[in-house]
Amino acid sequence: MRRLPGVLIVEDEPAIAELISVNLRHNGFRPIWAMDSATAQAELDAVLPDVILLDWMLPGESGLTLARRWRGRPRTKAIPIIMLTARGDEVDRVAGLDAGADDYIAKPFSTKELLARIRAVLRRRAPERDEGLVVLGELSLDAATYRVVFQDQMLKLGPTEFKLLHYLMTHAERVHSRSQLLDKVWGDHVFIEERTVDVHVKRLREALGVAAQMIETVRGAGYRLTVAAALAKPA
Ligand code: CA
């Protein structure tokens, strides 16, 4: 089953873990928080994440010890590890990479930088992963597996609604007239009335539930899918 990429955050400071979690969730990831090494190990034994964000300074076993152990085990050795640390000097950086970390990010870091690092390790480890996946805010659509997910919930869409959503998501923030949508989504539409578009947009909105607010009706012009609408009206 295709799902949002899981990120295991191993971090003992709740405020930092919470900040990272919120940002990851808003960017199409599924964060899982473990506050110590035992919890992290239990998570790994249960379900493997796509990336591990590993704090260096943890109570008990250090992040360095954990990185070395996970890298040495067949079950976990292929999971990308990004070390989080306040230590910025080169000796520590080398130690982290020697222990098997894929990358290293020094606190304090910007969300943008963290997301860029996560995406980079995912691309390096699994170049095919992003194929066909479109993510806008908390809405993601996977053209390869025909799955649509909003806030971790799988949504059920008919084939036409799926095509329509795919087009709107890959051409977001722009207004599309009904005749343009017929052209792009239905293709040969000689015998289809423009009203048909409204019917399918209505069905699409019903299927999207809370995410329906992302599809705006622009009076006299057509429809637009926008992330801004979802952000302006938090659920
Ligand atoms: Ca810490």
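Quick notes
- Qualifying residue in the range 43-59 (condition: under 17 Å from Ile20 (Cα atoms), touching a residue at least 60 places away in the same chain (Cβ under 8 Å) and away from the ligand (no atom under 12 Å from the Cβ)): yes
- Taken together, Ala99, Ala78 contain a single residue that is of a type outside the set (Ser, Thr, Tyr), farther than 16 Å from Leu19 by Cβ, surrounded by fewer than 15 Cβ atoms within 10 Å (Cβ to Cβ) and more than 16 Å from the ligand (Cβ to nearest atom), which is Ala78.
- The residues of the range 17-35 that are surrounded by fewer than 17 Cβ atoms within 10 Å (Cβ to Cβ) and either within 16 Å of the ligand (Cβ to nearest atom) or acidic (Asp, Glu) (or both), listed by number, are Glu18, Leu19.
- In the condition set (1) closer than 27 Å to Pro5 by Cβ; (2) surrounded by 16 or more Cβ atoms within 10 Å (Cβ to Cβ); (3) in contact (Cβ under 8 Å) with a residue 40 or more places away in the chain, Glu173 is compliant with all but (2).
- Some residue of the range 212-231 being modelled with pLDDT under 85 and open to solvent by 50 Å² or more (accessible area, probe 1.4 Å): yes
- Conditions (1) open to solvent by 50 Å² or more (accessible area, probe 1.4 Å); (2) under 19 Å from the mean Cα position of the chain (by Cα); number of the one not met by Lys184: (2)
- From Arg123, Arg119, Arg71, Arg129, residue being open to solvent by 60 Å² or more (accessible area, probe 1.4 Å) and at pLDDT 85 or above: Arg119
The values are calculated or read from the model by the stated rules, or taken from the named source; none is laboratory data. Bear in mind the structure is a predicted one, so any value in this text is a computation, not a measurement. Positions of Cβ are generated from backbone atoms using ideal geometry, with glycine treated the same way; all protein chains shown enter the neighbour counts. Ligands, DNA and RNA are excluded from the accessible area calculation, which covers all protein heavy atoms including side chains. Shrake-Rupley method; radii C 1.70, N 1.55, O 1.52, S 1.80 Å.
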